[in-house]
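Okay, so here's the structure we're looking at.
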Amino acid sequence: LVSRQSKSEDTIIRVKNIEIGGSSHIMVAGPCSIESKNQLLTVAAALKDAGVTVLRGGAFKPRTSPYDFQGLGEEGVKIMKEVADEVDMVSICEIMTPSQIEKAAPYIDIFQIGARNMQNFDLLKAVGQCNMPVLLKRGLSATMEEFIYAAEYILYHGNDQVMLIERGIRTYEKWTRNTLDISAVPILKQETHLPVLVDVTHSTGRKDILLACAKAALAAGADGIMVEVHPDPQAALSDANQQLNIPEFNTFWKGLLHSGLYH
Ligand code: PEP
Ligand code: MN
């Protein structure tokens, strides 16, 4: 169902007033985790001013350690709705279990399935049965085939509003948090009709190469970019080392617009 053979034209996902996968690119930005209304509103207002249309922020957080901040849960998705309504942006939040679908659905526009849940088949079936756009992240060490089959699950169960996002894979390389597999972009564009995005933050884990990687993603045919932005990254409750602050985001964004690759 996801293959080009079954449908040759590109899938375009329409949410509120935006299109993902059409002729223009999309920037998804926001903090790793929603920490408070003030935190999210500060970054959302700055992103909105810059012309960004999609706001991200995690409420149900998949954390490696049980001692780490686990997200605000339902309170977090409620904050997301208030803020997204206030600034008029489209919102994306991760869900980790089927039961979080009904908790989150009234408050957000797009579900994210994180890398750690790419093969959570019950979750894939459950989002397949709901009428919400889904951003599916590539698993930490998923092959292209596994990634494409994970998307296939969602379409098979009835939901064709699916977009894919490359977020880096595990390799032996230590100088980046993960290895950005840029070849995934043209492969996924050729093999499937779904929109393809690149998460430059989680794939690299370092702020100094984000612009180069975002340019590479767009040059390779990506439909959009995801980047983490926090008003005060050092104080962030998750991913403190890799999030851009607002001036850093503005520099990154200007560089991307200036490159002529983002339109
Ligand atoms: C995230 O986007 O917040 C996240 C946890 O990313 P990933 O699932 O790619 O690690
Ligand atoms: Mn993060």
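The values are calculated or read from the model by the stated rules, or taken from the named source; none is laboratory data. All values reported here derive from a predicted model rather than from experimental measurement. Positions of Cβ are generated from backbone atoms using ideal geometry, with glycine treated the same way; all protein chains shown enter the neighbour counts.
Restricting the range 149-181 to residues that are in contact with a Ser or Thr (Cβ under 6 Å, 6 or more places away or on another chain) and among the β-branched types (Val, Ile, Thr), the residue that is surrounded by the fewest Cβ atoms within 10 Å (Cβ to Cβ) is THR171. A Cβ distance below 6 Å, combined with a sequence gap of six or more or placement on separate chains, defines the contacts here; from the range 153-169, residues that are under 12 Å from VAL134 (Cα atoms) reach residues that are at pLDDT 95 or above and of a type in the set (Asp, Glu) in the pairs ILE165/ASP199.
Would you please name the residue that is farthest from THR42 (Cα to Cα), looking only at residues in the range 219-259 that are charged (D, E, K, R) and part of a loop (DSSP other than H, G, I, E, B)? That would be ASP223. Each residue in the range 204-230 was checked for being within 15 Å of ligand 2 (Cβ to nearest atom) and touching a residue at least 40 places away in the same chain (Cβ under 8 Å), and 8 pass. Let me confirm something: among VAL185, VAL198, which residue is in a helix (DSSP H, G or I) and either at pLDDT below 95 or buried (at least 18 other Cβ atoms within 10 Å of the Cβ) (or both)? Of VAL185, VAL198, the one residue that is in a helix (DSSP H, G or I) and either at pLDDT below 95 or buried (at least 18 other Cβ atoms within 10 Å of the Cβ) (or both) is VAL185.
Scanning the range 42-61 for residues that are closer than 16 Å to ALA235 by Cα and part of a helix (DSSP H, G or I), which turns out farthest from ligand 2 (Cβ to nearest atom)? Here the answer is THR42. Evaluate the following for GLY30: is it buried (at least 23 other Cβ atoms within 10 Å of the Cβ), at pLDDT 95 or above, at positive phi and not basic (Lys, Arg)? Judged against the criteria, GLY30 is a match. Residues in the range 53-75 that are within 16 Å of ligand 1 (Cβ to nearest atom) and within 17 Å of the chain's Cα centre (by Cα): VAL54, LEU55, ARG56, GLY57, GLY58, ALA59, PHE60, LYS61, PRO62, ARG63, GLY71.
Checked against the criterion of being touching a Gly at 6+ places or on another chain (Cβ under 6 Å) and polar (S, T, N, Q), the candidates ASN131, ASN159, ASN117 yield just one match: ASN159.
Here is a yes/no grid of residues against (1) under 23 Å from SER24 (Cα atoms); (2) away from ligand 1 (no atom under 16 Å from the Cβ):
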site: MET144; (1), (2): no, yes
site: TYR149; (1), (2): no, yes
site: GLU152; (1), (2): no, yes
site: ASP160; (1), (2): yes, yes
site: ILE169; (1), (2): no, no
site: ASN178; (1), (2): no, no
site: GLN190; (1), (2): yes, yes
site: ALA216; (1), (2): yes, yes
site: PRO231; (1), (2): no, yes
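Remark: THR64 matches the filter, which requires a residue to be β-branched (Val, Ile, Thr), more than 26 Å from GLU191 (Cβ to Cβ) and within 16 Å of ligand 2 (Cβ to nearest atom). Taken together, the criteria exclude GLY255 from residues that are of a type in the set (Gly, Ala, Ser) and under 26 Å from ARG14 (Cα atoms).
For the residues SER23, SER36, the requirement of being away from ligand 1 (no atom under 16 Å from the Cβ) and closer than 26 Å to GLY221 by Cβ singles out SER23. Selection of first residues in the range 234-263 that are within 16 Å of ligand 1 (Cβ to nearest atom) and of second residues that are aliphatic (A, V, I, L, M) and part of a loop (DSSP other than H, G, I, E, B), restricted to Cβ pairs under 7 Å at least 6 apart or on distinct chains, gives the following pairs, ordered by first then second residue: GLN243/ALA236.
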